[in-house]
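Peer 1: What follows is a structure written as structure tokens; I'll ask about it next.
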Amino acid sequence: MSPLFGHEPAVAAFRGALDAGRLHHAWLITGTQGIGKSLFARKAALRVMAQGQGAVARPGLDVPEEHQAARLMAAGSHPDFAQLERLPKESGTDLARSITIAQVRGLQRLFATTSTYSPWRTVVIDAADDLEPGGANALLKSLEEPPPSTVFLLVSHAPERLLPTIRSRCRVLRLGRLGPDHMEAALRQAIPDATPREIETLASVSGGAPGRAVAMRGLDVDGLDQAMRKIVTTGDPTNQHRSALSQSLAGKSAQQRYEAFLERAPAFIGAAARERRGRALADAIRLWEQASELATLAVRQSLDQQATVFEMGTLLAALAPAAAEA
């Protein structure tokens, strides 16, 4: 299993509870996407099972690769572990929209038997945000009456969208964005063939989230930034630049780069806001709020890509010096 970089406070809190024999039955692991929540959950689950078999002479959540629990988990065959996630559709090219109630009910097979190698059974739900309503209610029943010696680890990018009753039964561990040193180390581990310049660029545009940085690789994020900078610098009075950008990000083939743009544009406006004062600052904050809302709606409601990029470009153009002075 890959190493976990950063998140020392969360690791210490989990290990403290585990070592003291006060392990809560449900943990909600939150934070922005791409910071390592899924990896944290899997490593925590493995540590619980391995430590249940005896002392583990490794720091943090690490378990030696040769440990029986590690080998079984790597092979996807540990009988005391289950992970729920969206399954591939029959076409095999896309994932299902939700984690279904049938998947959650399927956990009863794990709970109906005694654990095999460790006193503990562990369940990772990645992500709890993807649970369909029936699945969320089925999970709630297990959290309300937890099976003996079972630990649930729920990954969530947006915990505010979960049922309040699910949140209330979990101990929350919030993972923060990685600092520069941890970010560089994580990227060197994930993409060892990347050049120092590429790592520097990816780290600068991904907001302390290595998973996001890896996803952005090969999407010419520099090109997106240059296009946005041109719109802001000129104000794009003829719509030429925003039209060209919106056309380049239209269509299914541009989906990943379009999604990267939706992440970058609000951050780009936010960075500009930090350099302003007075009324100009207030105007930039308003534009950032509008851009953030547009990016969220674009994903949630599957808005037209070309129209969305053009509208975002209009917000960027409003940052232009002439527009700010108007």
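Peer 1: For every helix of n ≥ 4 consecutive DSSP H residues, a contribution of -39,500 (n - 2.57) applies; sum these over the chain, divide by its total residues, and give [θ] at 222 nm rounded to the nearest 500 deg cm²/dmol.
Peer 2: Rounded to the nearest 500, the figure is -16000 deg cm²/dmol.
Peer 1: With Kirkwood's inverse mean 1/r over C-alpha pairs for Rh, give me the Rg to Rh ratio of the chain, two decimals please.
Peer 2: 1.03
Peer 1: Let me ask another. Express the accessible area of the range 78-133 per residue in Å², computed with a 1.4 Å probe while the remaining protein chains stay in the model.
Peer 2: 57 Å²
Peer 1: Helix by helix through the chain, keep the DSSP H runs that span 27 Å or more along the axis on Cα and average at least -0.5 on Kyte-Doolittle, and give those back in order.
Peer 2: Qualifying helices: 255-273, 278-300.
Peer 1: Heavy atoms only, probe 1.4 angstrom, no DNA, RNA or ligands counted: give me W288, W27, W120 ranked by accessible area, highest first.
Peer 2: Largest accessible area first, the residues go W288, W120, W27.
Peer 1: Which residue, chosen from T93, I29, F14, occupies the Cα position most advanced towards the positive end of the dipole of the range 14-149, where the dipole is computed from +1 (Lys, Arg) and -1 (Asp, Glu) charges on Cβ about the Cα centre?
Peer 2: Among T93, I29, F14, the one farthest towards the positive end of the dipole of the range 14-149 is F14.
Peer 1: Please report, in debye to the nearest 20, how large the charge dipole of the chain is about its Cα centre when each Lys and Arg carries +1 at its beta carbon and each Asp and Glu carries -1 there.
Peer 2: Here the size comes out at about 620 debye.
Peer 1: Give the residue from A291, I231, S206 lying farthest towards the positive end of the charge dipole for the range 161-295; charges sit on Cβ (+1 for Lys and Arg, -1 for Asp and Glu) and the dipole is referred to the Cα centre.
Peer 2: A291
Peer 1: Given the range 1-77 reduced to its alpha-carbon atoms as identical point scatterers, what log10 I(q)/I(0) does the Debye formula return at q = 0.21, 0.23, 0.24 Å⁻¹?
Peer 2: -1.00, -1.18, -1.28
Peer 1: What is the percent of Cα-Cα separations in the range 178-326 that go past 19 Å?
Peer 2: Counting every Cα pair in the range 178-326, those more than 19 Å apart make up 54 percent.
Peer 1: What size of dipole, in debye to the nearest 20, comes out for the range 241-319 about its Cα centre when the only charges are +1 on Lys and Arg C-beta atoms and -1 on Asp and Glu C-beta atoms?
Peer 2: In total the dipole reaches around 200 debye.
Peer 1: Carbon and sulfur atoms: what percent of the 1.4 Å accessible area of the chain do they account for?
Peer 2: 51 percent
Peer 1: Taking only protein heavy atoms into account and a 1.4 Å probe, give the accessible area per residue of the range 225-315 in Å².
Peer 2: Per-residue value: 56 Å².
Peer 1: Let me ask you something else. Between V172 and A57, what is the FRET efficiency for a Förster distance of 41 Å, r being their Cβ-Cβ separation, to the nearest 0.05?
Peer 2: Calculated value: 0.90.
Peer 1: Let me ask something else. What percent does the relative contact order of the chain come to when contacts are Cα pairs within less than 8 Å and at least six residues apart?
Peer 2: Relative contact order comes out at 19 percent.
Peer 1: By its C-alpha gyration tensor, with a ≥ b ≥ c as the square roots of the eigenvalues, how is the range 162-265 shaped: rounded for a/c under 1.5, else prolate for a/b larger than b/c, else oblate?
Peer 2: oblate
Peer 1: May I have the pair-distance distribution P(r) for the range 47-152, computed from all Cα-Cα distances with 5 Å bins from 0 and rounded to whole percent?
Peer 2: 2, 12, 20, 20, 18, 14, 10, 4, 1
Peer 1: Tell me the trypsin sites (Lys or Arg not before Pro) within the range 222-326 that lie in a loop according to DSSP and have at most 16 other beta-carbon atoms within 10 Å.
Peer 2: Filter output for the range 222-326: R274, R276, R277.
Peer 1: Still on this structure, please answer the following. If we count GluC sites (Glu not before Pro) as exposed when they sit in a DSSP loop and have at most 15 other beta carbons within 10 Å, what is the longest stretch of the chain that avoids them all?
Peer 2: Between exposed loop sites, the widest span is 91-274.
Peer 1: Next question, about the same structure. Between A271 and R161, what is the label-to-label distance in nm when each label sits 7 Å out along the Cα-to-Cβ direction?
Peer 2: Result: 2.7 nm between the two label points.
Peer 1: Suppose we keep just the DSSP beta bridges with both residues in the chain; what percent of those would be antiparallel, to 5?
Peer 2: Around 5 percent antiparallel, to the nearest 5.
Peer 1: Something else now. If one computes the Cα centroid of the range 288-318 and of the range 1-80, what distance in Å separates the two points?
Peer 2: After rounding, the separation between the Cα centres reads 39 Å.
Peer 1: Looking at the square roots a ≥ b ≥ c of the eigenvalues of the Cα gyration tensor of the range 232-271, which shape do they give, rounded for a/c under 1.5, prolate if a/b is larger than b/c, or oblate?
Peer 2: Oblate.
The values are calculated or read from the model by the stated rules, or taken from the named source; none is laboratory data. Please read these numbers as outputs of a predicted model, since none were measured by experiment. Don't worry about glycine lacking a Cβ; one is built from the backbone with ideal geometry, like all the others, and counts go over all protein chains shown. Quick note on the areas: whole protein, heavy atoms, side chains included, nothing else; ligands and nucleic acids left out. Shrake-Rupley method; radii C 1.70, N 1.55, O 1.52, S 1.80 Å.
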